[in-house]
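The values are calculated or read from the model by the stated rules, or taken from the named source; none is laboratory data. Small disclaimer: the values here were computed from a predicted structure and weren't measured. A quick note on method: Cβ atoms are made from the backbone with ideal geometry, for glycine too, and the neighbour counts reach across all protein chains shown.
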Amino acid sequence: MFDPLSNFDWATLYERYDELCPRFEPRALFLSSIPSRPQSDRALYRALTERFQTEFYSPTGVSLETYEAMLYWKLYSQPAAVKRTCSRLHEDAILRRATSALLRAVCPQEISGASRSIVEQIQLLGRYGIWGMKSSAALAVKTTFLHFVAPTINPIFDKQVLLAVGVKERNANQKIELLQPYASQAKMLAEKYSQDLKLFSCESPIRLIDMALWVIRGTRISTPAESTDRRSSRRAIT
């Protein structure tokens, strides 16, 4: 894994990130429980961060409505995934009851222990079999959940951030053995660019690195050995 952010223009992060979110729909059914209907990806992110911090450690756990909005935030750029995961959950009353019960059953102290690695957290979360996170390959959604639980510690792991740091293995975003190395890389980048990240106050350094890597993938990127073979990539959350 390498550092693709050495020449990144941090002052343009929000503008460039927002340009990569054309499919975000404030009127989506899955956001009906969010007050004032967030008008952007970043606004929904902030709303979800606040709700997770309140709900996760409460006696009733993360609400079904908050979880539904989280799934939409992660998947909205993939219409097929929204239909398969979000729409099914929204429309199936039995599935809604089962998912709500499983969310209530999650033990915060077990999942978010300070001494647990992100891999251990993933393994513990996977035992609950929650809709949208049941598959062992659903690391992108699982890490999204864990990121909202601990946004200053846990990065979101998916295909595009891996590509941004030079990991091109097929289905790399489904390989748990790559998760801890990527988490360490994200932490290193957050520390390396800590002075630049002081420009921002609404997201944690870990999240800002995640956003910057998305921007890199949305424009152009090359590894040191591939400077003559650059390819553009639009934002496609996986």
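Some notes on this structure:
- Residues satisfying the stated conditions in the range 112-137, i.e. in contact (Cβ under 8 Å) with a residue 24 or more places away in the chain and of a type in the set (A, V, I, L, M, F, W, C): Ile118, Val119, Ile122, Ile130, Trp131, Ala137
- Inside the range 57-82, residues that are crowded, with 16+ Cβ neighbours inside 10 Å, over 16 Å from the mean Cα position of the chain (by Cα) and not in a helix (DSSP H, G or I) make up a count of 3.
Yes/no per residue for (1) within 18 Å of Tyr128 (Cα to Cα); (2) modelled with pLDDT of 95 or more:
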| site | (1), (2) |
| --- | --- |
| Ser32 | no, no |
| Ser36 | no, no |
| Arg42 | no, yes |
| Ala47 | no, yes |
| Glu50 | no, yes |
| Pro59 | yes, no |
| Val62 | yes, yes |
| Leu71 | yes, yes |
| Lys74 | no, yes |
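- Selection count where residues are of a type in the set (S, T, N, Q), surrounded by 13 or more Cβ atoms within 10 Å (Cβ to Cβ) and farther than 16 Å from Leu71 by Cα, scope the range 88-115: 1
- Residues that are surrounded by fewer than 23 Cβ atoms within 10 Å (Cβ to Cβ) and on the phi > 0 side of the Ramachandran plot, drawn from the range 116-166: Gly129, Gly166
- Scope the range 56-73; condition in contact with a Phe, Trp or Tyr (Cβ under 9 Å, 6 or more places away or on another chain) and either free of Cβ contacts under 8 Å to residues at least 24 places away in the same chain or not hydrophobic (A, V, I, L, M, F, W, C) (or both); matching residues: Glu65, Thr66, Tyr67, Glu68, Tyr72
- Filter result (loosely packed, with under 13 Cβ neighbours inside 10 Å and at pLDDT below 50) within the range 192-238: Arg220, Pro224, Ala225, Glu226, Ser227, Thr228, Asp229, Arg230, Arg231, Ser232, Arg234
- Every pair of residues 6+ apart whose Cβ atoms lie under 9 Å, when the first sits in the range 1-22 and is surrounded by 14 or more Cβ atoms within 10 Å (Cβ to Cβ) and part of a helix (DSSP H, G or I) while the second is modelled with pLDDT under 95 and basic (Lys, Arg): Tyr17/Arg235
- Selection status of Phe56, of a type in the set (Phe, Trp, Tyr) and in contact with a Cys (Cβ under 8 Å, 6 or more places away or on another chain): no
- Selected residue (criterion: nearest to Arg51 (Cα to Cα)) from residues of the range 91-111 that are of a type in the set (Gly, Ala, Ser) and without any contact (Cβ under 8 Å) to a residue 40 or more places away in the chain: Ser100
- Criterion: under 25 Å from Met1 (Cβ atoms) and in contact with a Leu (Cβ under 7 Å, 6 or more places away or on another chain) - qualifying residue of Val149, Val119, Val82: Val119
- Look at the range 158-170: where a residue is within 18 Å of Ser6 (Cβ to Cβ) and a partner is of a type in the set (Asp, Glu) and surrounded by 17 or more Cβ atoms within 10 Å (Cβ to Cβ), sitting 6+ places away or on another chain with Cβ atoms under 8 Å, you get Val161/Asp210.
- Filtered by the rule that a residue be part of a loop (DSSP other than H, G, I, E, B) and loosely packed, with under 15 Cβ neighbours inside 10 Å, the range 24-56 gives Glu25, Pro26, Arg27, Ser32, Ser33, Pro35, Ser36, Arg37, Gln39, Ser40.
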